[in-house]
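Below is one structure, written out as C-alpha coordinates; the observations come after it.
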Amino acid sequence: MAAPRGRPRSFDRDQALERMMEVFWRKGYEGAQLNDLLTAIGITPPSFYAAFGSKEAAFLEAVDLYIATVGTPPMRALNETPAVSDALRAMLKGSIDVALSSRPGGCFLILGVVNCLPENEAARARLLEARRETHRLIRTRLSRAVAEGELWADTQVDSLAAFYHGILQAISFQARDGATREELTALIEPAMAGFAATRAE
(Lines give C-alpha, C1' and ligand atoms only; values in the text may rest on other atoms or scores of the structure.)
Protein backbone atom coordinates (compact mmCIF):
# COMPACT_ATOMS: atom_id res chain seq x y z
CA MET A 1 0.00 0.00 0.00
CA ALA A 2 1.34 3.42 -0.90
CA ALA A 3 2.31 5.81 1.86
CA PRO A 4 -0.10 8.77 2.32
CA ARG A 5 0.82 11.70 0.11
CA GLY A 6 3.59 13.82 1.59
CA ARG A 7 4.63 11.22 4.15
CA PRO A 8 7.97 9.46 3.64
CA ARG A 9 7.75 5.70 3.30
CA SER A 10 10.14 5.43 6.24
CA PHE A 11 7.88 7.53 8.48
CA ASP A 12 7.99 6.21 12.03
CA ARG A 13 5.23 7.77 14.13
CA ASP A 14 6.82 6.90 17.48
CA GLN A 15 10.14 8.39 16.44
CA ALA A 16 8.35 11.46 15.08
CA LEU A 17 6.54 11.94 18.38
CA GLU A 18 9.83 11.71 20.27
CA ARG A 19 11.34 14.39 18.03
CA MET A 20 8.33 16.63 18.52
CA MET A 21 8.55 16.12 22.28
CA GLU A 22 12.08 17.49 22.11
CA VAL A 23 10.87 20.53 20.15
CA PHE A 24 8.06 21.22 22.61
CA TRP A 25 10.44 20.71 25.54
CA ARG A 26 12.94 23.12 24.06
CA LYS A 27 10.56 25.81 22.83
CA GLY A 28 7.40 25.32 24.84
CA TYR A 29 3.92 24.91 23.42
CA GLU A 30 3.55 28.55 22.40
CA GLY A 31 7.06 28.85 20.99
CA ALA A 32 6.93 25.69 18.91
CA GLN A 33 5.53 26.59 15.50
CA LEU A 34 4.10 24.07 13.07
CA ASN A 35 7.11 24.56 10.80
CA ASP A 36 9.40 23.62 13.71
CA LEU A 37 7.52 20.36 14.14
CA LEU A 38 7.42 19.62 10.42
CA THR A 39 11.15 20.26 10.10
CA ALA A 40 11.88 17.98 13.05
CA ILE A 41 9.96 15.05 11.62
CA GLY A 42 10.31 15.69 7.90
CA ILE A 43 6.70 15.52 6.72
CA THR A 44 4.22 17.87 5.09
CA PRO A 45 1.29 19.60 6.83
CA PRO A 46 -1.36 17.20 5.41
CA SER A 47 0.61 14.21 6.65
CA PHE A 48 1.14 15.85 10.03
CA TYR A 49 -2.59 16.40 10.48
CA ALA A 50 -3.34 12.89 9.28
CA ALA A 51 -0.88 11.38 11.76
CA PHE A 52 -1.44 13.61 14.81
CA GLY A 53 -4.65 15.56 14.28
CA SER A 54 -3.43 18.96 15.45
CA LYS A 55 -0.58 20.71 17.19
CA GLU A 56 -2.50 20.51 20.45
CA ALA A 57 -3.11 16.78 20.08
CA ALA A 58 0.57 16.21 19.26
CA PHE A 59 1.54 18.19 22.36
CA LEU A 60 -0.74 16.14 24.61
CA GLU A 61 0.78 12.95 23.21
CA ALA A 62 4.26 14.40 23.74
CA VAL A 63 3.43 15.08 27.40
CA ASP A 64 2.33 11.47 27.86
CA LEU A 65 5.53 10.26 26.19
CA TYR A 66 7.64 12.49 28.45
CA ILE A 67 5.95 11.15 31.57
CA ALA A 68 6.40 7.55 30.42
CA THR A 69 10.07 7.95 29.48
CA VAL A 70 12.15 10.96 30.53
CA GLY A 71 10.07 11.75 33.59
CA THR A 72 10.01 8.21 34.97
CA PRO A 73 13.43 7.84 36.71
CA PRO A 74 12.95 10.48 39.44
CA MET A 75 9.55 9.08 40.41
CA ARG A 76 10.81 5.51 40.25
CA ALA A 77 13.64 6.47 42.58
CA LEU A 78 11.13 8.08 44.93
CA ASN A 79 8.98 4.95 45.05
CA GLU A 80 11.64 2.25 45.03
CA THR A 81 14.37 3.63 47.31
CA PRO A 82 13.78 2.03 50.74
CA ALA A 83 14.52 4.88 53.18
CA VAL A 84 12.30 7.90 52.62
CA SER A 85 15.13 10.41 53.12
CA ASP A 86 17.23 8.57 50.54
CA ALA A 87 14.18 8.38 48.27
CA LEU A 88 13.66 12.14 48.35
CA ARG A 89 17.34 12.78 47.75
CA ALA A 90 17.35 10.33 44.83
CA MET A 91 14.26 12.03 43.39
CA LEU A 92 15.97 15.42 43.54
CA LYS A 93 19.14 14.07 41.94
CA GLY A 94 17.06 12.43 39.22
CA SER A 95 15.24 15.69 38.56
CA ILE A 96 18.58 17.42 38.06
CA ASP A 97 19.52 14.80 35.48
CA VAL A 98 16.24 15.46 33.66
CA ALA A 99 16.55 19.24 33.87
CA LEU A 100 20.04 19.16 32.36
CA SER A 101 19.31 16.54 29.70
CA SER A 102 17.86 19.04 27.23
CA ARG A 103 18.74 22.56 26.17
CA PRO A 104 17.77 25.17 27.20
CA GLY A 105 17.11 22.99 30.27
CA GLY A 106 14.36 22.48 32.79
CA CYS A 107 11.37 20.17 33.13
CA PHE A 108 8.90 19.89 30.28
CA LEU A 109 5.98 19.50 32.71
CA ILE A 110 6.86 22.76 34.47
CA LEU A 111 7.94 24.91 31.54
CA GLY A 112 5.93 23.49 28.64
CA VAL A 113 3.25 26.21 28.75
CA VAL A 114 4.17 29.64 30.07
CA ASN A 115 1.72 32.30 28.89
CA CYS A 116 -1.54 30.44 29.67
CA LEU A 117 -3.43 32.06 26.81
CA PRO A 118 -7.10 31.02 26.58
CA GLU A 119 -6.51 29.11 23.35
CA ASN A 120 -3.83 27.04 25.12
CA GLU A 121 -6.09 25.90 27.96
CA ALA A 122 -6.07 22.20 27.04
CA ALA A 123 -2.26 22.12 26.96
CA ARG A 124 -2.01 24.08 30.22
CA ALA A 125 -4.56 21.82 31.91
CA ARG A 126 -2.68 18.66 30.88
CA LEU A 127 0.56 19.96 32.37
CA LEU A 128 -1.22 21.06 35.53
CA GLU A 129 -2.69 17.57 35.85
CA ALA A 130 0.77 16.05 35.42
CA ARG A 131 2.28 18.35 38.05
CA ARG A 132 -0.51 17.50 40.48
CA GLU A 133 0.22 13.83 39.90
CA THR A 134 3.88 14.46 40.79
CA HIS A 135 2.76 16.18 44.00
CA ARG A 136 0.44 13.24 44.74
CA LEU A 137 3.26 10.74 44.29
CA ILE A 138 5.47 12.65 46.71
CA ARG A 139 2.65 12.87 49.24
CA THR A 140 1.91 9.15 48.88
CA ARG A 141 5.55 8.27 49.53
CA LEU A 142 5.64 10.46 52.64
CA SER A 143 2.36 9.00 53.90
CA ARG A 144 3.80 5.55 53.45
CA ALA A 145 6.79 6.53 55.55
CA VAL A 146 4.44 7.72 58.30
CA ALA A 147 2.43 4.49 58.15
CA GLU A 148 5.63 2.44 58.37
CA GLY A 149 6.84 4.40 61.39
CA GLU A 150 9.76 6.02 59.60
CA LEU A 151 8.29 9.51 60.11
CA TRP A 152 6.49 10.88 63.15
CA ALA A 153 2.72 10.36 63.12
CA ASP A 154 2.13 14.12 63.30
CA THR A 155 4.33 14.89 60.28
CA GLN A 156 2.72 17.59 58.15
CA VAL A 157 2.67 15.46 55.03
CA ASP A 158 0.79 17.95 52.85
CA SER A 159 3.20 20.79 53.62
CA LEU A 160 6.25 18.57 53.24
CA ALA A 161 5.03 17.27 49.88
CA ALA A 162 4.36 20.82 48.69
CA PHE A 163 7.86 21.83 49.80
CA TYR A 164 9.63 19.08 47.86
CA HIS A 165 7.44 19.64 44.84
CA GLY A 166 8.51 23.27 45.03
CA ILE A 167 12.15 22.22 45.09
CA LEU A 168 11.59 20.25 41.89
CA GLN A 169 10.18 23.40 40.31
CA ALA A 170 13.10 25.48 41.56
CA ILE A 171 15.54 23.01 40.01
CA SER A 172 13.71 23.27 36.70
CA PHE A 173 13.64 27.06 36.60
CA GLN A 174 17.25 27.42 37.68
CA ALA A 175 18.34 24.89 35.06
CA ARG A 176 16.47 26.91 32.44
CA ASP A 177 18.35 29.99 33.68
CA GLY A 178 21.66 28.24 33.08
CA ALA A 179 22.53 26.78 36.49
CA THR A 180 25.25 24.12 36.39
CA ARG A 181 24.96 20.61 37.78
CA GLU A 182 27.15 21.65 40.69
CA GLU A 183 24.90 24.61 41.47
CA LEU A 184 21.76 22.51 41.27
CA THR A 185 23.23 19.71 43.35
CA ALA A 186 24.05 22.28 46.03
CA LEU A 187 20.30 22.73 46.54
CA ILE A 188 19.78 19.18 47.73
CA GLU A 189 21.36 19.19 51.19
CA PRO A 190 19.70 22.46 52.28
CA ALA A 191 16.42 20.99 51.07
CA MET A 192 17.04 17.92 53.22
CA ALA A 193 18.25 19.86 56.27
CA GLY A 194 14.85 20.19 57.92
CA PHE A 195 13.88 16.63 57.20
CA ALA A 196 15.58 15.16 60.27
CA ALA A 197 12.97 16.70 62.56
CA THR A 198 10.24 14.62 60.93
CA ARG A 199 12.03 11.30 61.36
CA ALA A 200 10.88 8.94 64.09
CA GLU A 201 13.71 7.55 66.18
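The values are calculated or read from the model by the stated rules, or taken from the named source; none is laboratory data. Bear in mind the structure is a predicted one, so any value in this text is a computation, not a measurement. Quick reminder, even Gly has a Cβ in these numbers, built from the backbone with ideal geometry, and neighbours come from all protein chains shown.
If you scan segment 80-108, which residues turn out to be over 10 Å from the mean Cα position of the chain (by Cα), assigned to a helix (DSSP H, G or I), touching a residue at least 24 places away in the same chain (Cβ under 8 Å) and within 30 Å of R13 (Cβ to Cβ)? Before the answer, list the steps.
Just the residues of segment 80-108 that are over 10 Å from the mean Cα position of the chain (by Cα), to begin with: 80-94, 96-97, 100-105.
Remaining after also requiring assigned to a helix (DSSP H, G or I): 80, 84-94, 96-97.
Still in the list and also touching a residue at least 24 places away in the same chain (Cβ under 8 Å): 84-85, 87-89, 91-93, 96-97.
Across segment 80-108, the qualifying residue is only D97.
Is it fair to say E30 is among the charged types (D, E, K, R) and either on the phi > 0 side of the Ramachandran plot or outside the structural domain of G194 (by TED's automatic domain parsing) (or both)? Before the answer, list the steps.
Numbers: among the charged types (D, E, K, R): yes; either on the phi > 0 side of the Ramachandran plot or outside the structural domain of G194 (by TED's automatic domain parsing) (or both): yes.
Here the answer is yes, as E30 does meet what is asked.
Step by step: first the residues of segment 1-20, then only those that are among the basic types (K, R) and at pLDDT 90 or above, then the one that is nearest to V98 (Cα to Cα). Which residue is that? Show your work before the answer.
Step one: filter segment 1-20 for residues among the basic types (K, R), giving 5, 7, 9, 13, 19.
Those still in the list that are at pLDDT 90 or above too: 13, 19.
Numbers: R13: 24, R19: 16 Å.
Here the answer is R19.
Hey, could you check segment 50-101 for residues that are of a type in the set (K, R) and under 15 Å from L168 (Cβ atoms) and say which is surrounded by the fewest Cβ atoms within 10 Å (Cβ to Cβ)?
Among them, the one singled out is R76.
Looking only at segment 140-162, count how many residues are under 24 Å from G106 (Cβ atoms) and either among the hydroxyl-bearing types (S, T, Y) or within 17 Å of the chain's Cα centre (by Cα) (or both). Walk me through it before giving the result.
Our first condition is that a residue be under 24 Å from G106 (Cβ atoms); within segment 140-162, this holds for 141, 160-162.
Checking the rest, the ones that are also either among the hydroxyl-bearing types (S, T, Y) or within 17 Å of the chain's Cα centre (by Cα) (or both) come to 161-162.
Looking only at that region, the number is 2.
Return the residues of segment 21-46 that are in contact with a Leu (Cβ under 9 Å, 6 or more places away or on another chain) and either assigned to a helix (DSSP H, G or I) or closer than 19 Å to R103 by Cβ (or both); say none if nothing qualifies.
Across segment 21-46, the qualifying residues are M21, V23, F24, W25, G28, Y29, E30, I41, P45.
For residues in segment 105-135 being among the polar types (S, T, N, Q) and over 26 Å from E183 (Cα atoms), which is surrounded by the most Cβ atoms within 10 Å (Cβ to Cβ)? Outline the logic, then answer.
Filtering segment 105-135 for residues among the polar types (S, T, N, Q) gives 115, 120, 134.
Checking which are over 26 Å from E183 (Cα atoms) leaves us with 115, 120.
Numbers: N115: 10, N120: 18.
Filtering segment 105-135 for residues that are among the polar types (S, T, N, Q) and over 26 Å from E183 (Cα atoms), the one surrounded by the most Cβ atoms within 10 Å (Cβ to Cβ) comes out as N120.
For residues in segment 154-190 being closer than 14 Å to G94 by Cβ and hydrophobic (A, V, I, L, M, F, W, C), which is surrounded by the fewest Cβ atoms within 10 Å (Cβ to Cβ)?
In this case the residue turns out to be L187.
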